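Data block below; observations after.
The values are calculated or read from the model by the stated rules, or taken from the named source; none is laboratory data. These numbers were taken from a predicted model, which means no experiment stands behind them. All Cβ positions, even for glycine, are placed from backbone atoms using ideal geometry, and neighbour counts span all protein chains on display. All accessible areas refer to the heavy atoms of the entire protein, side chains included, with ligands and DNA or RNA removed. Shrake-Rupley method; radii C 1.70, N 1.55, O 1.52, S 1.80 Å.
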Amino acid sequence: MKHASAGRSTRAIHGANVTDAHGAPHLPIYNTTTFAFENTEALLDVADGRVQGPLYTRYGLNPTIFALEETTASIEGTESALAFCSGMAAETALFAHYGRDGIVCVGDAYGGTMELLGNQLARLGISTTFLLGGELDRLEDLLGAGAKLVFFETPTNPTLGIHDITAISELAHRHDAKVAVDNTFASPINQRPLELGADLVSYSATKYLGGHSDLTAGFVLGATALVEPLKGWRKSFGSTIAPETAAMLSRSLRTLVVRVRQHNANAQAVAEAMEADPRVSRVLYPGLPSFPGHALAAKQMSGFGGVVTIELAADAATTVKVVDRLELFALAPSLGGVESLVTQPVTTTHYDLSPEERARRGITGSMIRLSIGLEDADDLIADLTRALDVVEL
Ligand code: PLP
């Protein structure tokens, strides 16, 4: 790893080896599908893995992709990163390889992940047991019965539930199972699961790593021995990141540290303002001392992230009115970009769940998820305060 002892901002900017004959400070885009060789021996050296080098872009053997992966691994502080064309593509390779003997998905997960695990992969014989946060006492039995992969998000979507990465990893390792954490909500700036005992980390890089709502990408990171087997899946699924996207993502990563710090600061300010507003009955944000997961979050995170979920002292219809009155917050189902976004979990991420299942997961019609962007926090608070005027106490 280049600059291994340097800070994260330095690694985000200088993490990749750039060798450009013209002196470009960052690697230009190798927008090609294939690479030519001097002779057959040189081609076979790369094809057989004796020499690391470009060969064919779908295989991930492209200099622009190498540079991105090197930088991302350096920021995470691990050996290897594999870049995919989306977060879902990264998860698919992860589950295909490590899920054969059964997966335990702990807590709430992104709706697309639930569909992949609970529906599509189940049809292929990869079975998943879904445990809610409060059902962790069942994990040991499931591991004892042979499950070999524990997967979870922390913080979770949309209720920001916090899971103990170290405790779950210790338990899983006692049963010879691997632990993979979807670290999308936290980003490597706020939380590094591998340092806390997890084996693998996955990302939707579409969110904070990309950070501008203008690219779709994903990662799996970890020790080389664990990440290497996923290369074959990525190659055969054809789920490699495109060079243009890799170059854009490399550019985004250079500002990741400052962006995430400001997301954290803005979200904390919005969460505190919402907590003081009587029209808001509950604020879910790991940075608030009143939040049930605060102590654990403070232990395993170095920042609390940019997503704040609030519950209004209002019915579902009034909640819709509040959402529709917001001007700075765009009504869009994503997070992690420079612009603030708002969604109602019941109309987006958790739309397909039955009322009973939503209740089980603590998701209500009065709930609003805010992805806090990099606008001035005062303006975001003013927008929310004005939109809340329709709530009658
Ligand atoms: N993981 C989390 C936590 C997400 O929020 C998402 C998307 O919203 C994904 C994974 C899937 O990522 P992508 O949309 O990049 O495929």
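Which shape class, rounded, prolate or oblate, goes with segment 79-208 when its Cα gyration tensor gives a ≥ b ≥ c as root eigenvalues, a/c under 1.5 marks rounded, and past that a/b bigger than b/c marks prolate?
rounded
Under a model in which nothing but the beta-carbon of Lys, Arg (+1) and Asp, Glu (-1) is charged, segment 262-391 shows a dipole of about 500 debye around its Cα centre. The amide H of LYS178, built 1.01 Å from its N in the peptide plane, has LEU149, VAL150 as neighbours under 5 Å, considering only residues 5 or more places off or on other chains. Is the shape of segment 18-157 best called rounded, prolate or oblate, per the rule: a/c under 1.5 gives rounded, else a/b larger than b/c gives prolate, else oblate, with a ≥ b ≥ c the square roots of the Cα gyration tensor eigenvalues? The shape class here is prolate.
Of the beta bridges in segment 257-390, as assigned by DSSP with both residues counted there, near 85 percent are antiparallel. Remark: spin-label model distance GLU339-ALA21 equals 4.1 nm, labels positioned 7 Å along the Cα→Cβ axis. Accessible area per residue for the chain is 41 Å², calculated with a 1.4 Å probe on protein heavy atoms, without ligands, DNA or RNA. Legend: calculated FRET efficiency, ALA313 to GLN120, from the Cβ-Cβ distance at R0 = 41 Å, rounded to 0.05, equals 0.55.
Considering only HIS22, GLY336, THR159, the residue lying farthest towards the positive end of the dipole of the chain is HIS22, judged by Cα position with unit charges set on Cβ.
Listed values for segment 300-313 are Karplus-derived 3J(HN,Hα) couplings in whole Hz (6.51 cos²θ - 1.76 cosθ + 1.60, θ = phi - 60°), namely 9, 10, 9, x, 9, x, x, 9, 10, 10, 10, 10, 8, 7, and x replaces Gly and Pro. The protection proxy used here, the mean number of other Cβ atoms lying within 10 Å of each residue, ranks peptides 40-46, 240-246 as follows, highest first: 240-246, 40-46. When the chain is described by a simple charge dipole with +1 on each Lys and Arg Cβ and -1 on each Asp and Glu Cβ, the residue from LEU117, GLY238, THR319 located farthest towards its positive end is GLY238. Considering only beta bridges that DSSP places wholly inside the chain, some 55 percent are antiparallel. For VAL280, the residues whose modelled amide H falls within less than 5 Å of its own, excluding neighbours fewer than 5 places apart on the same chain, are ALA313.
In segment 1-154, Cα pairs under 8 Å separated by at least six residues give a relative contact order of 20 percent. With no solvent and one point on each alpha carbon, what is the Debye value of log10 I(q)/I(0) for segment 17-61 at q = 0.19, 0.26, 0.30 Å⁻¹? Evaluating at q = 0.19, 0.26, 0.30 Å⁻¹ gives log10 I(q)/I(0) of -0.70, -1.00, -1.07. Once the Cβ-Cβ distance of ALA42 and PHE237 is raised to the sixth power relative to R0 = 25 Å, the FRET efficiency obtained is 0.35.
What FRET efficiency comes out for ARG50 versus LYS299 if R0 is 35 angstrom and r is the Cβ-Cβ distance? Round to the nearest 0.05.
So the FRET efficiency works out to roughly 0.20.
The per residue volume of the convex hull around the alpha-carbon atoms of the chain is 141 Å³. Share of carbon and sulfur in the accessible area of the chain stands at 53%, probe radius 1.4 Å. Using C-alpha pairs below 8 Å separated by at least 6 residues, the relative contact order for the chain is 16 percent. Fully extending the segment from ASP352 to THR166 would add 63.7 nm, taking 0.36 nm per residue of separation and subtracting the current Cα-Cα distance. Of the Cα atoms belonging to segment 257-390, the radius of gyration and Dmax stand at 14.1, 41 Å.
Per residue, the average separation of C-alpha pairs within less than 8 Å and at least 6 apart gives segment 257-390 a relative contact order of 29 percent.
What is the distance in Å between the Cα centres of segment 188-240 and segment 324-393? So the separation of the two Cα centres works out to 27 Å. Only helices enter this figure: runs of n ≥ 4 DSSP H residues, each worth -39500 (n - 2.57), summed and divided by the residues of the chain, yield -10000 deg cm²/dmol at 222 nm to the nearest 500. Of interest is the spacing of the C-alpha centroids, which for segment 94-108 and segment 24-77 amounts to 30 Å. Taking amide H as placed 1.01 Å from N in the peptide plane, the amide H of TYR56 sits under 5 Å from that of LEU61, each at least 5 places away or on another chain.
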